[in-house]
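Below is one structure, written out as structure tokens, with a few remarks after it.
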Amino acid sequence: MIPVQNLYYLLCYAWNRLPEPSELQSVSEQEFHRPLELLTYVLLRATLRQLRRGLPAAYSEHTAELAELRGRVLLTATLRQDLLRRGRAVCTFDELDTNTLLASLLLGTLQRLGRTVSLPTVLRQEVRALVRQFPAAVVPQLPTRAGLLAARRQRPTGAWAFLLNVCELVQASALPEPDAAGPTRFRDFRRDEVLMARLFEQFVRNFYRLEQRHYRVLSETIQWQAHAEDEAGLALLPAMITDTTLESPERKIILDTKYYASALRQRYNQQKLIAPHLYQLYAYLQNQTAPPGQQLEGILLYPAATQAVNMRYTLGGHPVRIVTIDLAQPWPQIAADLLTLVQ
């Protein structure tokens, strides 16, 4: 299992953000026993910076009964309450304030963490103190799936994109509770293989995107080298989308990440490579067309959970590696191993 300290690096790169030196030093000086403690600490520091800069204001729609006309008059509601005789009307209007959806979700997340008894007392007290620093205009909102999706549609960038990602991961780690106002219990998201597989894939792709300049890094859709009697038949073929493609004029590397406990499987009392993973990579390679002078290669990359693997093959004329990376080792060695892998 990935050490909690290394999770900070994994999450930063997965969210396409280089670790900030000041935050990195602050995180490295702490001792975290659970992932939730790390998420809370990072959320605290990042939110504090935003509050010092001032929360961004945005226009939001309000509806109120007013003595003067403003915005758009809701005639039906005004007539139903017989407000015109009293010189009043129900109006809908836009107002610039700090009660944005992102700020509301952030405050709701912090309030939830402030009620989490599994957090250390000191950290919980820091969260509650931070909550009191929010402007009174911000109305807290629990980070539901619908709310988080609505916030993501606003396409936040920079620090706010990072804060939204942390809130989303906190929400994904929360266990259902019968009382929404009561304390929330959280699970260790490192045990969620589906979530960790997605984070591992994003981490590897964005690491190469941010830490090297030799290759163009992307996720690409590979077209089947296939023919059918009609277009409808071709449409039935499954999509082939690479996790990470690294491309230069000389080389094209298709790198597929697999978050599995082992790169090998027991079959008939023998250790074997996982067949579907190898078949998938082989299909990617066989359906690629490389320009003259460009070598096409494939890599299957696993976290080294139970055993280290580093195998080289030539499949269909293409170099292929099946390799593990130890995510429990110190971060500088993880970074060096990833860069060495594509040299």
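Every read-out reported here was derived from the displayed coordinates using simple, explicitly stated rules and does not represent laboratory data. Note that the structure is a prediction, hence the values are computed from the model and not measured. Ideal geometry is used to build each Cβ from the backbone, glycine not excepted, and the neighbour counts take in all protein chains shown.
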- Note on the structure: Using alpha carbon centers only, segment 109-160 is separated from segment 301-316 by a whole-angstrom value of 41 Å
- Rounded to the nearest 500, the 222 nm mean residue ellipticity computed for the chain from DSSP H runs (n ≥ 4, each -39500 (n - 2.57)) alone is -12500 deg cm²/dmol
- Note on the structure: Taking the dipole of the chain about the Cα centre (Lys, Arg +1; Asp, Glu -1; charges at Cβ), the one of A308, I254, L281 that reaches farthest to the positive side is A308
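Evaluate the charge dipole of the chain about its Cα centre and quote only its size in Debye, nearest 20, assuming +1 on the Cβ of each Lys and Arg and -1 on the Cβ of each Asp and Glu.
On the way: 38 positive and 32 negative charges, 140 e Å.
For the chain, the charge dipole is close to 680 debye.
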- Comparing E229, E297, E220 in a Gaussian network model of the chain (Cα, 10 Å), the one with the largest mean-square fluctuation is E229
- For the chain, longest principal axis from Cα atoms; helix 35-53 axis from its Cα atoms; angle between them, nearest 10 degrees, is 50 degrees
- Query: Which residue fluctuates the most in the chain, going by a Gaussian network model with Cα springs under 10 Å, if the choices are V131, V122, V166?
  - Reply: V122
- Query: Distance from the Cα centre of segment 4-55 to that of segment 217-293, in angstrom?
  - Reply: 35 Å
- Using alpha carbons only, how many degrees (0 to 90, rounded to 10) separate the axis of helix 193-211 from the longest principal axis of the chain? 80 degrees
- Task: Output the relative contact order of the chain, whole-number percent, from Cα pairs under 8 angstrom with separation of 6+ residues.
- Result: 14 percent
